[in-house]
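Step one of this worksheet: look at the structure below.
The values are calculated or read from the model by the stated rules, or taken from the named source; none is laboratory data. If you're wondering where the values come from, they're calculated on a predicted model, not measured in any experiment. Cβ coordinates were reconstructed from backbone atoms using ideal geometry, including for glycine residues, and neighbour counts include every protein chain displayed. The protein model used for the area step is the full one, side chains on, heavy atoms only, and it has no ligands, DNA or RNA in it. Shrake-Rupley method; radii C 1.70, N 1.55, O 1.52, S 1.80 Å.
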Amino acid sequence: MISDSELYPDVESAGSLAAALEVVAVKLGVDLGSIVSSDSDPLGWAVVASIDAKRDPFSIMVGAVERWFIITGWSRGIELVSGATPDLGEVVKAASVWRHGGRLSEIQRTAPFVKISEKAYAHERGPADVVAVQWRLIRQDARDSPVEGVHALVEAAHAKPQLRQLFPVLSHWSLHFSMCTGYPYVWNIPFVDPLSNGRYRVSGPARGIDMGEVDSADEAIDLVVAGFSTGCGPAVEGTAHDV
């Protein structure tokens, strides 16, 4: 809920965030199509649908302490745009480009407040590029990990072509591999937990299935590959609901 009526007089006077967006869209001469407000919080949340079937609705919510319109836009399980601005006009401009399927660079040129990650740009180029970016990011994270053995584990996995084509995920320093690039991921491949005693536990695909403990990262990854189906990979665009 909006905590201070003075923060959003334009929204309150319009009666809902959706109506306020429509007022600004008319002034700017842009088409936002059908704008939907939240039934439970019409002043605080609204979405703009996209004509691009692969894009989720562009979501806008309001900040409670300061005047911020907070936006996010997802596609195939990857957050492509995010950001916050006090200017509702900037939100409308970004939402319009999103709705009409504009490229991410166009969205950012039109509304500079929008943040776009390296992984989001990779999404436009295809799943292979998303996988490559993700591997680079988790290798960097693993180098900085406070947990012993994580770096060796990630490097051992990256050295295997069968695993390097999958989307890697570090979750609480456990190393997982997904058949898809978007969240929720597909967990049908064994995963590895570094242990406090310097050893590694291989489990999976379900967490309750224990494949055993080994002494080295290389041995752990060999166990993963041994339980790896030849039909798995390369990772594809989308989420567990799409695969």
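Screening the candidates 136, 201, 143 for the property of being in contact with a strand residue (DSSP E or B) (Cβ under 9 Å, 6 or more places away or on another chain) and not polar (S, T, N, Q) yields one hit, 201. Restricting the stretch 92-130 to residues that are under 23 Å from residue 11 (Cα atoms) and either of a type in the set (Phe, Trp, Tyr) or at pLDDT below 95 (or both) leaves a set whose member that is surrounded by the fewest Cβ atoms within 10 Å (Cβ to Cβ) is 113. Considering only the stretch 172-192, state which residues are open to solvent by less than 60 Å² (accessible area, probe 1.4 Å), over 13 Å from residue 235 (Cα atoms) and assigned to a loop (DSSP other than H, G, I, E, B). Scanning the stretch 172-192 gives 184, 190. What are the residues in the stretch 72-86 that are closer than 17 Å to residue 126 by Cβ and open to solvent by less than 40 Å² (accessible area, probe 1.4 Å), if any? Matches in the stretch 72-86: 75, 77, 78, 80.
Somewhere in the stretch 158-171, is a residue part of a loop (DSSP other than H, G, I, E, B), open to solvent by less than 20 Å² (accessible area, probe 1.4 Å) and on the phi < 0 side of the Ramachandran plot? Can you show your working first?
Taking the stretch 158-171 and keeping what is part of a loop (DSSP other than H, G, I, E, B), we get 159-160, 165-166.
If we keep only those that are open to solvent by less than 20 Å² (accessible area, probe 1.4 Å) too, we end up with 166.
Now drop any that are not on the phi < 0 side of the Ramachandran plot, which leaves 166.
Yes.
Applying the criterion of being open to solvent by 20 Å² or more (accessible area, probe 1.4 Å), at pLDDT below 90 and of a type outside the set (D, E, K, R) to the residues of the stretch 227-243, the residue that is farthest from residue 179 (Cα to Cα) is 227. Among the residues of the stretch 193-226, those that are open to solvent by less than 70 Å² (accessible area, probe 1.4 Å), more than 30 Å from residue 123 (Cα to Cα) and part of a loop (DSSP other than H, G, I, E, B) comprise 195, 198, 216.
Residues that are more than 20 Å from residue 61 (Cα to Cα), touching a residue at least 12 places away in the same chain (Cβ under 8 Å) and part of a helix (DSSP H, G or I) are absent from the stretch 89-99. Among the residues that make up the stretch 93-112, is at least one of them under 29 Å from residue 222 (Cβ atoms) and of a type in the set (Lys, Arg)? No: zero hits.
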